1. Can you name the strands (runs of 3 or more DSSP E) wholly within the range 330-427 that have at least 3 residues being within 12 Å of ligand 1 (Cβ to nearest atom) and touching a residue at least 24 places away in the same chain (Cβ under 8 Å)?
2. Answer with yes or no whether P483 is over 21 Å from the mean Cα position of the chain (by Cα), within 16 Å of ligand 1 (Cβ to nearest atom) and either at pLDDT below 95 or more than 19 Å from T213 (Cβ to Cβ) (or both).
3. For the range 206-257, which residues satisfy the criterion of being within 16 Å of ligand 2 (Cβ to nearest atom), over 21 Å from L184 (Cβ atoms) and not in a strand (DSSP E or B)?
4. Filter the range 59-72 down to residues that are surrounded by fewer than 21 Cβ atoms within 10 Å (Cβ to Cβ) and at pLDDT 95 or above, then give me how many there are.
5. Provide a single number: the residues in the range 17-40 that are modelled with pLDDT under 95 and open to solvent by less than 20 Å² (accessible area, probe 1.4 Å).
6. Out of all the residues in the range 277-289, is one or more at pLDDT 95 or above, in a helix (DSSP H, G or I) and near ligand 1 (Cβ under 10 Å from one of its atoms)?
7. What are the residues in the range 151-161 that are open to solvent by less than 20 Å² (accessible area, probe 1.4 Å) and either more than 16 Å from ligand 1 (Cβ to nearest atom) or in a loop (DSSP other than H, G, I, E, B) (or both), if any?
8. Does Q135 fit the bill of being touching a residue at least 12 places away in the same chain (Cβ under 8 Å), more than 30 Å from E190 (Cβ to Cβ), open to solvent by less than 10 Å² (accessible area, probe 1.4 Å) and not β-branched (V, I, T)?
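The values are calculated or read from the model by the stated rules, or taken from the named source; none is laboratory data. Not measured: the values here are computed from a predicted model. In this analysis, Cβ positions are derived from the backbone assuming ideal geometry, glycine residues included, and neighbour counts consider all displayed protein chains. Please note that ligands, DNA and RNA were not included when accessible areas were found on the heavy atoms of the full protein model with its side chains. Shrake-Rupley method; radii C 1.70, N 1.55, O 1.52, S 1.80 Å.
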Amino acid sequence: MVRKYDYLVIGSGIAGMSFALKVANENKRVALICKTTLEEANTFYAQGGVASVTNLEVDNFDKHIHDTMVAGDWLSDKEAVEKVVRNAPKQIAELIRWGVDFDKNENGEFDLHREGGHSEFRILHHADNTGAEIQESLVRTVRENPYIDVYDHHFAVEIITQHHLGKIVTRRTPDITCYGAYILNESTGEVDTFLSRITVMATGGVGAVYTTTTNPLIATGDGIAMVYRAKGTVKDMEFIQFHPTALYHPGDRPSFLITEAMRGYGAVLRNLDGSEFMQKYDPRLSLAPRDIVARAIDSEMKLHGTDHVYLDVTHKDPEETKRHFPNIYEKCLSLGIDITRDMIPVAPAAHYLCGGIKVDLNGESSIKRLYAVGECSCTGLHGGNRLASNSLIEAVVYADAAAGHASGVIDGYEFRNDIPQWNQEGTAHPEEMVLITQSIKEVNQIMGYYVGIVRSDLRLNRAWNRLDILYEETEKLFKVSRPGRELCELRNIINVAYLIMRQAMERKESRGLHFTVDYPHPQLDDKK
Ligand code: FAD
Ligand code: SIN
């Protein structure tokens, strides 16, 4: 089946939905694709909130810009940082217009939280489930929009470029152009051709490349892998953010997050014997940036041979704790942990990818007619490490920029009518699913053991050699198989794991989130 849309938006998180809402109108139709349900996205699980300067009596843009540059270890692109920080308040107003309800205090002002690395209280939130509030508001607004057609349970397999017209495309080809995507309809099992004048990648993060992650298991880096295979530019993949405080509850995948806002509220990290340890690592103690806190916890766990530490909020007023963190209180209570009386067992978990598909200030990728927004993109905002709560705001600011730019150029683009349909000839369904599920587990283990919080050349080389075997086996299997979601995801996590390893091997320094025992010091020539 062939379908034609002005805009093809792949991904229904905050990035994809806000882009779709900005471009859809009676003259421009949008297809919004998501691989499971509209709701299931990283966005839904966000807890802490959205960073934006709103209280100008104590805060200002320069402070937020400085905090972002410091967290990013001075690798952030200053123009991208300025863009996000200065445009944040306008996009907060847009979110509110779409129905998002941010908590206010008794004076009617935003009730602001503070998180690690922020010099001021500037996190807007909806209790401790801000993401669900945003996702549900956007889903409602999207469903009411008559110019957006939603395709749920549709899996984007590959973007279409001149490669599919038989042309040779390499990383040096200057005018690689995207004409749409091949999309698997899970209910028919057919791969349909979606032709578009503009395509937007909004496929989110890569947490599912690791065993222990806070991300929902849809986060397999599909968009990044598709763009990389189409010879687009992908950058900064070595900067994987591990959240210091995921709830330690073996067997849970994804891991439940204990928001950093809890440390902003006064929670303290302790070893199993109850002693504090952050004073050994950073004067900002539990509110140091995430990379420092995650490495400190990793080091303490290794030192004491334990698999978790504790987060202690028992000294705070119980009623206030329940009011601020109702969701976390309930979740922990369901596991027999009363956070007003018991310390919370926590351990780091893969949480966020700072790199991704390289885009410019308009959200345009290196491939023509292809934009990338949200976590799958690399705008340069985060540099070596993301400041807490800077990603939801980045997604809406760049969705706005991309929508503005795309609206100005789309009328110059025609549909291609000579694109061949997906060729299934000579393929069959894989005989044994275990070939796929076991390989996914192997990739997860390789990444966890060898490409985690602390790296070394030896570990990276070992990971590389093992991944190579899985890559060869999987590509062989893909060539003779009808594409199914699981096989495509396996292929994508292998591509993403490869990119993380390769870019980690290329960085011969410890910087931001990338820490290697072989090059423990940063090369600071580019530090401003
Ligand atoms: P997502 O919200 O992940 O959406 C991705 C979409 O792409 C989904 O609809 C999915 O179905 C679709 N998709 C993926 N692959 C395919 C494919 N092949 N075919 C079709 N569809 C596909 N950030 C903050 O700023 N503040 C916070 O407080 C915060 N808390 C967080 C808490 C948790 C537990 C997690 C996991 C993340 C948190 N983050 C937070 C990060 C933030 O939530 C994400 O970076 C952000 O939501 C990403 O939005 P997105 O639109 O780019 O992607
Ligand atoms: C959290 O609530 O700790 C997560 C915030 C974020 O990832 O930005």
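1. Fully inside the range 330-427 and qualifying: 344-353.
2. When the stated conditions are applied, P483 passes them.
3. G207, Y210, T212, T214, N215, F239, Y248, P254, S255, F256
4. Here is the first cut: in the range 59-72, the residues surrounded by fewer than 21 Cβ atoms within 10 Å (Cβ to Cβ) are 59-63, 65-66, 69-70.
Then keep just the ones that are at pLDDT 95 or above; that gives 59-63, 65-66, 69.
The qualifying residues number 8.
5. 0
6. Of the residues in the range 277-289, the ones at pLDDT 95 or above are 277-281.
Retained after the next criterion (residues that are in a helix (DSSP H, G or I)): 278-280.
From what's left, near ligand 1 (Cβ under 10 Å from one of its atoms): none.
Checked against the condition, which is being at pLDDT 95 or above, in a helix (DSSP H, G or I) and near ligand 1 (Cβ under 10 Å from one of its atoms), the range 277-289 yields no hits at all.
7. T161
8. When the stated conditions are applied, Q135 does not pass them.
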